[in-house]
Amino acid sequence: MPARIRPLSPHLQIYRWQIGNSLSILHRLTGIALALGLGALSFWLISLAGGAGSYRTAARMFASPIGILLLIGWTFAFFYHLLNGVRHLCWDLGLGYERAQRHLSGWFAVLAALGLTLWAWLALWHFGRI
Amino acid sequence: MGSAGHGTGQWWAQRVSAVALIPLCLWFVCSLLAMPALDFGAAQTWLALPRNGFLAALLVAVLAYHSYLGTVEVVEDWVHGTAMKLALLLLLRFAYVLIGGASLYAILRVAFGIQVS
């Protein structure tokens, strides 16, 4: 007996681009980036426990151009994942589900994450930490 | 829920750890920005304070748990093939226990002032 033909959902490519799906994928990507950032945090703590010598070596790596670039990336990933995570938690509570609210909070999450990243690094620079 | 009776377990744990991470992460970011310097002496003095050591240990533990749940979800969604999926899930489990354990051990060493000469 031939298999019954069942209705299928449209292929992924059929869907029109909206801000929502990009933000959703960005939440995942920043989550993956932050998982790697956890490794960096762990590395920092272990170097600190290892004494002044190992801490200096780690600090030099973090202060290298690639290190700074990664840290700025992780700062943005952190703030975005935090803000968008709060957005998701609100949805779980049934809040902010309207189309206009979703768009507004989505743009807010992206722009506020960019702003907070800028603010954090300007603060570090202003206080002479970098 | 579900035939196993705990189908919502991971979903729920992810949300609970997310809520716990909000204050812990904000505390950590504010602490980093408020530290007088980011050199060895300042970092050691900061982490050696009981309150900071305790909160840092909590942060690392909850962070590792939340991150583990998230990456497991990504592997379950995006990786096809049972063997590859199982291998990656096993690898993730080992990696997170290793990273979490090493971080906690490092925090304890600083907290109890164990110095390598």
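The values are calculated or read from the model by the stated rules, or taken from the named source; none is laboratory data. None of the values given here were measured: they were computed from a predicted structure. Note: ideal-geometry Cβ built from the backbone for every residue, glycine included; neighbour counts use all protein chains shown.
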For this session: Return the total of residues in region B:17-37 being over 30 Å from B:L92 (Cβ atoms) and surrounded by 19 or more Cβ atoms within 10 Å (Cβ to Cβ).
Result: 0
Seminar exercise, completed: Of the conditions (1) surrounded by fewer than 14 Cβ atoms within 10 Å (Cβ to Cβ); (2) within 18 Å of A:L45 (Cβ to Cβ); (3) touching a Phe, Trp or Tyr at 6+ places or on another chain (Cβ under 8 Å), the single one that B:A64 does not satisfy is (1)
For this session: At least 2 residues that are closer than 26 Å to B:G70 by Cα and more than 8 Å from every other protein chain (Cβ to nearest Cβ) in each: list the helices (runs of 4 or more DSSP H) lying fully within region A:26-130 that qualify.
Result: A:65-92, A:99-126
Problem set entry | Selection count, region A:64-74, where residues are within 13 Å of A:W121 (Cβ to Cβ) and out of contact with any helix residue (DSSP H, G or I) (no Cβ under 8 Å at 6 or more places or on another chain) | 1
Exercise. If you check B:I107, B:I99, B:I114, which single one turns out to be modelled with pLDDT under 95 and either surrounded by fewer than 17 Cβ atoms within 10 Å (Cβ to Cβ) or within 30 Å of A:A49 (Cα to Cα) (or both)?
Worked result: B:I114
